[in-house]
Structure formats: C-alpha cells, structure tokens
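Trainee: The structure is given below, and queries will be raised subsequently.
Please treat every number below as a calculation from the coordinates, not as lab data. Here the structure is a predicted model, which is why all the values come from computation and not from measurement. Cβ coordinates were reconstructed from backbone atoms using ideal geometry, including for glycine residues, and neighbour counts include every protein chain displayed.
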Amino acid sequence: MYDNLRTCVSPEGRFIFSVHRSRYIVRNLRQSTFSDSLGPFEDGKPKRNDANFPDGDVEEPDGEWIYEIPNAFPFRGATYILKSWADARAQDSKGFILAESPPFSFTDLVRNHLLGPDTDDDRMEKLFRQLPDALKMALAVNSTDPEDLIQLAEISCRLVQDETGRQPVGLAHIRQTGGEGKAVIYDHLLFEAVANNPHLPDEYKNTMVLKPGIQGGSEIVGEWREDSSHVFEYLRRNSYIPWGHYAANMANDAVRYHVGDLTHSDMCGMRHLYYQRTYVRLAEALGIEVQASRRPLTPSELESLRLKIIDELHRDASSARLPFSSTLWGWNFGFDFSPSGYRLHASHQQIHTQYALVPNTGFLQEGADRQAGAGSAYCCGDLIADFIQRYRKQTGSSFFPALIAALRNNRRMDGSVGDGQSLVIHEDEQVMLYVPKAQTSQWELQLITLKPVGNILEADPLTRRSVDRAILAAMQTLELMGARMVTVIEYAKRFVSGDSDQRLLYAVLPRMPQSPGAFSEAQLRYISGHYPEDFAAACRTHLPPMPSSHADEASHP
C-alpha cells in the first residue's frame, strides 16, 4: 500500500523489510575450458580449478537469504544484510571491536635490528631523509614513536628551535608580495600527516598547526573558557560554503586528538559557540539588539536571545526579512593518509566542529554574466522535510512519531525472541540515540529529539544539553569500539517552516577500514554483515556513564 514511499517505517509504528530467498538456473554460455593446477595440498596432490568450468548449466536451489531494508529516509537508499554473515556475527559480540594499531618505531627497528644500538642521530637523520616518500608517509601516519615523528616533522618544514636547539618555537616564513608571510613547508602531504599523528609531541603540534595564526589569517571571533577547557571560534572567510563558515576548534592550550580526551565542558564549549553564533546572526538580521561584545554570552543571555528571535519570527512578515533560514553543522573526526597519497578523511589539526547558516536563495545564473532570478539554496534538512510531507499526505500519519514507535516496538529481523530486541542505546526525556534499522555506514548511529524540536532555534536549554551529551557519548562509544574516523552531520528544519513533525536529527557515520565505498554505495545500496540489534547491544556495553540532563545547568548553554 505504501510501496512508493520506499521507507521501512510503517504508519502503524513498525519496521518493514523484504527477504530475498533466491533459486535460479544460469545458462552456461562459456565456449572453452581452462583447467589447471592451483598448487599442491600438504600430501602433494594438486588443487585444481575444475569446479570453475562446469560442463552444463549451473543451478542454485537454495541461495543465501538477503534482507533488504529500505532506509527510513528514501533519499538514503537501502541496506542489504546477508543472513549467514549476520547469524555468525550474532554469536560473536567481540566482532564489533576494531583492532588497535600495534605500537611501531622505525628508530627502534633500525637501532635494534639493522644498524645497531650505537647508530648516532646524524646517521638516523640521513636515513630518514633518504626514505622513499611512500615509506615516509606510512611512518608519519602509523608510527607511535615521537622520535620518528620529530624526524619527519623536521624533514617536512623548516622549524625554528629555541636557544637549546631542543624545542621548536616557530616555523620559518618567507615574505610574499604585499607583506604577507608564508610558512616554509617542503612537503605539504608529509607535514599534514605527521601533524595529525597524536604521538607527535605537543610542542611540535603547537608550532606546526595549533598556534593561532600558523595556518593563515582566519580571524578568531569567539572563545570559550571553563576550567581546563578552551575553545576558539575561527571565521573561515575563504570557505567552500557560501557566506563563509565557522570552526569551533579546541585551542592550542587544550590539545585534544582523541574523543576520549574530550570533557563534557569541551563539548559544551564547542556547541555553545555554535548556538551563540547562530542566535547572534539571526538576531542581527532581525534587528534585535545583542548586548555583548568581546565576550561570550552567558547561558541566560543566550536563552533570552533565542526567545526574542522566536517572538520576532512570529510577527507578521518578520520571517521575510530573514536572509538565512537553516543551519549547517558537521564534525569530521580522525585522519589518515595512504602511502600512495590518497587522503582517507577530511579532518585535520585536532578536534573541531564546523557550522554555518544556509541562505534562503541564491542567484540563478544562465551564463557568466547573466542572472535569471533566484533559486532555493540547498539544505540537507529539506530532504527530510519533503519526505515527511509526502509520507503524511499518503498515509495520513506523521512520520517521526511513527519512527519513534517503530524503534520502541522493534523486533529482530531474524525472528529470534528474548533479549537483544532493542535498537536504542541511550534515551532521556529529550533525545534518543539509536542504531537505525537500515545503516548506511556499517556502524551508523542516529540521534533525534523526542519532542517537536526541529532545529537549534526551537531547542530549549534542556534539549540542547541532552543533544550535546548524546553526541559526545555516541562518539566516545564508537572510539572505544575502535572507530578512528567518524563524520557527524545535522539534518535541521528551516527556521521559517511551520511543520511541527520534523525533528532535529544527527547521523553519526564511522568510516570502516574494509569498506571504503564503491559502486554499491554510489547507488545508495549499503552492505552490512550484522543485525542492527546486535550492534546496538555492543554499543550499550561501551556507552560511557551519562550525567544527569539537569546537571551543570548554570554553565551549559
């Protein structure tokens, strides 16, 4: 009845999916046979490839069962689970742990196994410089020895040392036309790779990439300080996002390269800067006075400003004055480079999140110099808005209440009963963190608001606090399970939308080491080897303790 919606969420609050149980005969059209030996068994008899060259047609009487689960949101495709893989994984909860990379030191290898323990520093430096570029890159990413990384750092750029010659204090610069300086970097890929290695000593990280201004002229226009937490807000005017974007970046005196190092105060600070910048820009667009300059808004000032914006938007024609109508927020965590030069994730220089406001429209351009009116600017939350309107029109039901009911009514697709039915990892009165029935990344998590809150403008302090803590918990859980590269994106409702059904949603998307994405994923066909319920159980095992949503109300935005 609802097939054309292509969603796994039924209006009755149940998940629906298909099972493919294939039987088929394949006509043999091969002309030649290329029989050969593949090598000997232990007893000397050959292993042959005769099975690869059947004489007649091929019959499969009972093929693998494959579950096809339409994504809850049709624009995200469908997920396919091979039953035999998932059944095996259900018996092995340890299969959800990604192995840590073992400690590795090239310096120790050379001194202990190649050139001897008396190899002096000058000879080691010459050896590092003579290494092929691919090997340098592999060491920059994978070495856990600070000595290795210091050698590579000094190869990649011209470091200036203090009077002792043991501590870096800066990068040499060359003056360019107009008086601007440019850091002397000999190998940009190597420089970036080694600077992203957590095992590089902090004084090198600070000198190379963390000190304000070392990466260019991006202005710091916001700041958060609390206890040991310190966050800078950078303005990225040279942005790939129209109208520029902002980055809430852990400061150089609060080095955080692992999610496990992040405190609740750190997360509060990064998110406070996001809320603050959004509310201030909206207030300025609406002519609302912002009584703060050269200081952050207090939590009470932030909430007061949010309520004033909402009141103003409820006035006639106020929304028409709003040039920006949605948020864009994301977090790329983790970094890797292959020795061949392929960059494997987008993050760089310790933990930071990025955000912007999305305009209502952009100018339509017919040619280089000819404008043809205005068109809507893209916002990923609009994809959800379009779908839930269609869902409501065809079913008579609101989508998000049906999704929440389906999550609470979930049953395993393999038919087993008892424990292990739940997809929910964490829930409080404001939010739910869960494993989606159809995962697009094999370890995908999602976070939604349980009340009709569709964007951060509609989120009161309790909701914002719950969202922030659940995002941090999701990231820390995945890191404890071995995830090293994770992308988080926000699907937000437009500020001017009157649809109370759309909820604020975050998708947490780990990058898996053996699943880089290929033609299946390009067609939005996602392959998984486990039941989502088993992954949810593994996540609950690793979920860090969650503080009360009412704790620290005075300091949280």
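Trainee: To make sure I understand, if each residue's beta carbon is the centre and we count other beta carbons within 10 Å, what order do Val26, Val110 fall in, fewest to most?
Mentor: If I rank by nearby Cβ atoms, fewest first, I get Val26, Val110.
Trainee: A further question on this structure: Roughly what would the spin-label model give for Leu307 and Lys47, points 7 Å off Cα along C-beta, in nm?
Mentor: With each label point 7 Å from Cα toward Cβ, the separation is 7.3 nm.
Trainee: A further question on this structure: By the scheme Lys and Arg +1, Asp and Glu -1, what is the net charge of all other residues having a beta-carbon under 11 Å from that of Ile185? Mind dumping the intermediate values first?
Mentor: Numbers: positive: Arg158, Lys182; negative: Asp187, Glu192.
Within the 11 Å Cβ shell, the charges total 0.
Trainee: Calculated from DSSP H runs of 4 or more alone, at -39500 (n - 2.57) each and per residue, what is the 222 nm mean residue ellipticity of the chain, nearest 500?
Mentor: After summing the helix terms and dividing by residue count, I get -8000 deg cm²/dmol.
Trainee: Right, another one. Given R₀ = 41 Å, FRET efficiency for Ile97-Tyr240 by Cβ-Cβ distance, to 0.05?
Mentor: Numbers: r = 36 Å, r/R0 = 0.87.
For R0 = 41 Å, the calculated efficiency reads 0.70.
Trainee: Follow-up question, since we're still on this one. Kindly provide the chymotrypsin sites (Phe, Trp or Tyr not before Pro) of the range 321-358 that DSSP labels as loop, not H, G, I, E or B, and whose Cβ sees at most 14 other Cβ atoms within 10 Å.
Mentor: Tyr342
Trainee: If you don't mind, there's one more thing I want to ask. Which of Asn71, Gly165, Pro339 sits closest to the plus end of the dipole of the chain, meaning its Cα is farthest towards the positive end, when Lys and Arg get +1 and Asp and Glu get -1 on the C-beta?
Mentor: Value: Asn71.
Trainee: For a test of understanding, tell me how many lysine pairs in the chain have Cα atoms under 25 Å apart, given they are 8 or more places apart or on different chains.
Mentor: Step by step, the pairs that qualify in the chain add up to 18.
Trainee: When Ser398, Ser304 are ordered from fewest to most other Cβ atoms inside 10 Å of their Cβ, what list results? Write down the numbers at each step before the final one.
Mentor: Numbers: Ser398 17, Ser304 14.
So the residues, fewest neighbours to most, are Ser304, Ser398.
Trainee: Work out the charge dipole of the range 150-299 with +1 on the Cβ of Lys and Arg and -1 on the Cβ of Asp and Glu about the Cα centre, then indicate which of Tyr240, Ile174, Ala193 is farthest towards its positive end.
Mentor: Selected residue: Tyr240.
Trainee: For Leu504, Leu29, Leu524, what's the fewest-to-most ordering of other Cβ within 10 Å of each Cβ?
Mentor: Leu29, Leu524, Leu504
Trainee: Beta carbons within 10 angstrom, averaged per residue: use that to sort the peptides 114-126, 402-414, 470-482, highest first.
Mentor: On the way: 114-126: 10.8, 402-414: 18.6, 470-482: 21.6.
Per-residue mean Cβ counts within 10 Å order the peptides as 470-482, 402-414, 114-126.
Trainee: Rounded to the nearest 20 debye, what is the charge dipole size of the range 106-227 about its Cα centre when +1 sits on each Lys and Arg Cβ and -1 on each Asp and Glu Cβ?
Mentor: Taking the Cα centre of the range 106-227 as origin, the dipole is about 460 debye.
Trainee: Can you give me the distance in nm between label points at Gln291 and Arg225, each placed 7 Å from the Cα along the Cα-to-Cβ direction?
Mentor: The modelled label-to-label distance comes out at 2.4 nm.
Trainee: Turning to a different aspect of this structure: Taking every DSSP beta bridge with both residues inside the chain, roughly what % is antiparallel (nearest 5)?
Mentor: Working: 72 of 76 bridges.
Taking every DSSP beta bridge within the chain, about 95 percent pair in antiparallel fashion.
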